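For reference, the structure is listed below as structure tokens.
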Amino acid sequence: MKITKILFLFLIVMSCASDKTEVDTIITNAMVYTVDSDFNNAEAFAIKNGKFVEVGTSADIINKYQAANIVDAKGQTILPGFIDAHCHFYGLGLNQLRVNLVGTTSFDDVMKKVIDFHNQKPSNFIIGRGWDQNDWEDKTYPNKALLDKLYPNTPVALTRIDGHAMLCNQAALDLAKIDVNTKVEGGEILKENRQLTGILIDNPMELVYATLPKPTKQQQVDALLEAHKICTDLGLTTVSDAGLDKQVIQLIDSLQQAGKLDMRIYAMISNNKANLDYYLSKGKIKTDRLNVQSVKVYADGALGSRGAALKQDYSDQHEHFGALVIGTDAYKNLADRIAKSDYQMNTHAIGDSANRFVLQTYDKILKNQTNRRWRVEHAQVITDNDFDYFKNENIIPSIQPTHATSDMYWAEDRLGKDRIKGAYAYKTLLEKSGRVALGTDFPIEQVSPFLTFYAAVARQDTKQFPEGGFNKEEALTREETLKGMTIWAAYANFEEKEKGSIEAGKFADFIILDNNIMTVNQKDIPNIKVNHTYINGVAQ
């Protein structure tokens with residue numbers, strides 16, 4: 001009798017189990033922010049073949065599904081994987097091979113880092129990046145005198161943090177064939193007393209870049225894999241790399257196809273003839289991990305190096321307006337060419353003059369078109385009624401909140417009290433456009449998405465300066481910020497149907513945090529850590 005009863009119970013259990021659907025992974029007992037259209041919360045979800053199968057309560061998921069891998073989240077916060085809408089992923093990796101000058105507090109500090117790096121890793125060309133004279137007590141541009149003395153025969157090229165100015169020694173200038181008579185449109189070669197200072201702004205830098213030693217294929221692979229580790233450790237599952245050449249894109253694709261690089265990459269092609277001729281004729285390239293359907297274009301330089309194109313002169317340098325780095329006719333012709341393809345145009349625009357020119361061009365070229373999603377990268381200084389151009393459904397602002405908190409110490413000096421009101425105006429951009437795509441522009445800024453989130457909602461640095469926040473009326477809410485770092489960033493990449501939220505059918509890209517970013521004290525947001533990052537349902 002006992003044997004019959006045990007057998008009966010066993011058959012009931014087996015029958016119940018067989019009614020459940022087999023999946024790969026079940027996550028339960030979590031605080032899940034799905035970022036779906038209603039911004040719902042959930043407790044659990046099931047994953048199979050790298051995608052979310054169902055999202056709901058822990059009880060419902062456990063009752064309907066079975067899996068060999070069941071994770072009890074124990075109340076931890078789960079978000080869709082962060083998407084960085086504008087960064088330089090490959091550049092971040094390459095930076096690990098160069099002198100890191102980020103955070104230097106003086107030119108002496110720069111020189112110490114250069115000397116230490118070269119002593120440890122001697123090379124035939126010293127390359128560095130990250131200095132910012134605005135962070136120094138002496139805010140004037142450095143000159144090449146000391147570099148010439150220390151390295152008379154070794155070329156040195158040290159790029160400013162924003163990538164729009166460079167300090168070179170004479171050996172580097174000679175190699176690039178730059179002298180006092182060299183003229184390059186779309187930038188400046190600074191001189192004092194008719195002598196070169198070593199400072200190049202915007203387009204003249206290309207002459208030096210052409211002479212830099214090319215990284216080996218192995219160095220390129222190492223750079224991409226190092227960037228992947230840095231980014232996934234911080235919760236990024238998709239990055240939009242703002243400007244890549246064909247060879248690097250093909251290397252990325254090969255690493256992804258071989259299962260060596262899990263990061264999903266929205267690759268904007270750099271604006272040059274070879275890239276345009278190849279990709280525009282080929283059309284979009286789309287895999288689960290790689291998306292190539294956009295062109296990165298520069299309209300002007302940066303505000304910090306006074307290369308941003310302004311309608312009126314700089315408040316701290318009269319009769320200086322910055323400059324476009326591309327001719328107006330060349331830009332309009334390029335926009336017309338891209339509009340006739342199925343590619344998106346993503347233009348770097350900082351100054352109010354550059355933004356107006358880009359916006360007017362977009363508005364005219366895209367007339368009578370729909371769903372083009374052309375992006376204005378940075379949209380940093382907008383004046384007059386130019387915000388209204390963002391009401392056009394074809395135009396998206398792609399912005400980087402940490403630029404506001406990095407620049408706030410000196411931006412008003414450049415722009416004055418009136419123009420600063422239209423700078424870093426993220427709330428206004430959102431109200432006009434209906435969505436904003438958020439990124440960092442790393443390695444110009446730090447990689448951390450938590451600094452991005454904090455800068456967007458607090459408009460302060462990590463020491464809570466300034467009190468009350470920098471132009472706080474332009475802050476975003478936490479919900480708006482999270483959308484900008486997930487579903488809206490996915491939309492800007494034409495990928496909102498496959499990622500950006502935790503919903504059935506989408507890629508199982510998500511992160512588990514050690515604190516609740518939506519409720520934690522605002523000042524503690526930068527200290528949040530990622531416990532686990534999942535891409536395709538696989539922990540990285």
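The values are calculated or read from the model by the stated rules, or taken from the named source; none is laboratory data. If you're wondering where the values come from, they're calculated on a predicted model, not measured in any experiment. Counting neighbours? That spans all protein chains shown, and the Cβs are built from the backbone with ideal geometry, glycine included. Side chains are part of the model used for accessible areas, which takes the heavy atoms of the whole protein and leaves out ligands, DNA and RNA. Shrake-Rupley method; radii C 1.70, N 1.55, O 1.52, S 1.80 Å.
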Accessible area expressed per residue, the stretch 40-117, with surrounding protein chains retained (probe 1.4 Å, Å²): 42
A student asked for the Cα radius of gyration and Dmax of the stretch 189-330 in angstrom ought to give 18.8, 57
What do the square roots of 5 times the Cα gyration tensor eigenvalues come to for the stretch 411-495, in whole Å, largest first, as semi-axes of the equivalent ellipsoid? 22, 16, 13
Explain nothing, just compute: Karplus ³J(HN,Hα) = 6.51 cos²θ - 1.76 cosθ + 1.60, θ = phi - 60°, for every residue of the stretch 26-36 in order, whole Hz, x for Gly and Pro. 10, 10, 10, 6, 10, 9, 9, 9, 6, 6, 7
Label model pair residue 96, residue 521: point-to-point distance (7 angstrom along the Cα→beta-carbon line) in nm is 3.5
Just need log10 I(q)/I(0) for the stretch 91-214 at q = 0.10, 0.20, 0.22 Å⁻¹, Debye formula, equal scatterers on the alpha-carbon atoms, no solvent, rounded to two decimals. -0.27, -1.18, -1.45
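Of the cross-linked pairs 229/417; 51/421; 364/523; 284/364; 121/499, which ones have a Cα-Cα span greater than 32 Å in the structure shown? Please report the intermediate quantities before stating the final value.
Numbers: 229/417 42 Å; 51/421 44 Å; 364/523 44 Å; 284/364 24 Å; 121/499 42 Å.
Too far apart for the 32 Å limit: 229/417; 51/421; 364/523; 121/499.
So what is the 222 nm mean residue ellipticity for the chain from helices alone, if each DSSP H run of at least 4 adds -39500 (n - 2.57) and you divide by all residues, rounding to the nearest 500 deg cm²/dmol? All intermediate terms of the calculation are to be shown ahead of the outcome.
Details: 18 runs with 174 residues, N = 540.
It comes out at -9500 deg cm²/dmol, rounded to the nearest 500.
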At 1.4 Å probe radius, can you tell me the per residue accessible area of the stretch 421-469 in Å²? 34
Peptides 463-474, 430-441 ordered by average Cβ neighbours within 10 Å, highest first: 430-441, 463-474
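Could you order the peptides 47-55, 156-164 from most to least packed, using the average number of other C-beta atoms within 10 Å per residue?
Numbers: 47-55: 19.3, 156-164: 24.8.
So the order, starting with the most tightly packed, is 156-164, 47-55.
Would you mind counting up the charge near residue 323? Only other residues with Cβ under 9 Å from its Cβ, with Lys and Arg at +1 and Asp and Glu at -1. It would help to have the intermediate numbers written out before the result.
Details: positive: none; negative: 185, 188, 202, 300.
Once all neighbours under 9 Å are counted, the net charge is -4.
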Tell me the carbon and sulfur percent of the accessible area for the chain, rounded to whole percent, probe radius 1.4 Å. 49
Debye sum, Cα scatterers, the stretch 110-180, no solvent: what log₁₀ I/I(0) at q = 0.14 1/Å? -0.42
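Compute, for the stretch 463-526, the length of the dipole vector about the Cα centre, with Cβ point charges of +1 (Lys, Arg) and -1 (Asp, Glu) only. Units Debye, rounded to 20.
Working: 8 positive and 12 negative charges, 17 e Å.
In debye, rounded to 20, the stretch 463-526 gives about 80.
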Computed for the stretch 252-358: size of charge dipole around the Cα centre, +1 on C-beta of each Lys and Arg, -1 on C-beta of each Asp and Glu, debye to nearest 20, value 480
5 Å is the cut-off here: which amide hydrogens, built 1.01 Å from N in the peptide plane, fall below it relative to residue 76, excluding neighbours closer than 5 in sequence? 31
When you count, for each residue, the other Cβ atoms within 10 Å and take the mean per peptide, how do 447-454, 321-328 rank with the highest first? 447-454, 321-328
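Can you compute the charge dipole magnitude of the chain about its Cα centre, using +1 on each Lys and Arg Cβ and -1 on each Asp and Glu Cβ, nothing else charged? Give it in debye, rounded to the nearest 20. Could you put the intermediate results ahead of the total?
Numbers: 61 positive and 69 negative charges, 257 e Å.
Here the chain has a charge dipole of around 1240 debye.
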Dividing the mean separation of Cα pairs under 8 Å (6+ apart) by the residue count of the chain yields a relative contact order in percent of 16
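What number comes out for the charge environment of residue 159, summing +1 per Lys or Arg and -1 per Asp or Glu over other residues with Cβ under 13 Å away?
For residues surrounding residue 159, the net value is -1.
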How long is the chain along each principal axis, judged by its Cα atoms, biggest number first, in Å? 107, 53, 52
Here is the link list: 217/246; 112/149; 144/191; 472/497. Which ones come out longer than 22 Å on Cα distance? 472/497
Could you compute the net charge surrounding residue 74? Neighbours are other residues with a C-beta less than 12 Å from the C-beta of residue 74; K and R count +1, D and E count -1. -3
Sequence-separation-based contact order of the stretch 375-478, relative, with Cα cut under 8 Å and 6+ spacing, percent: 31
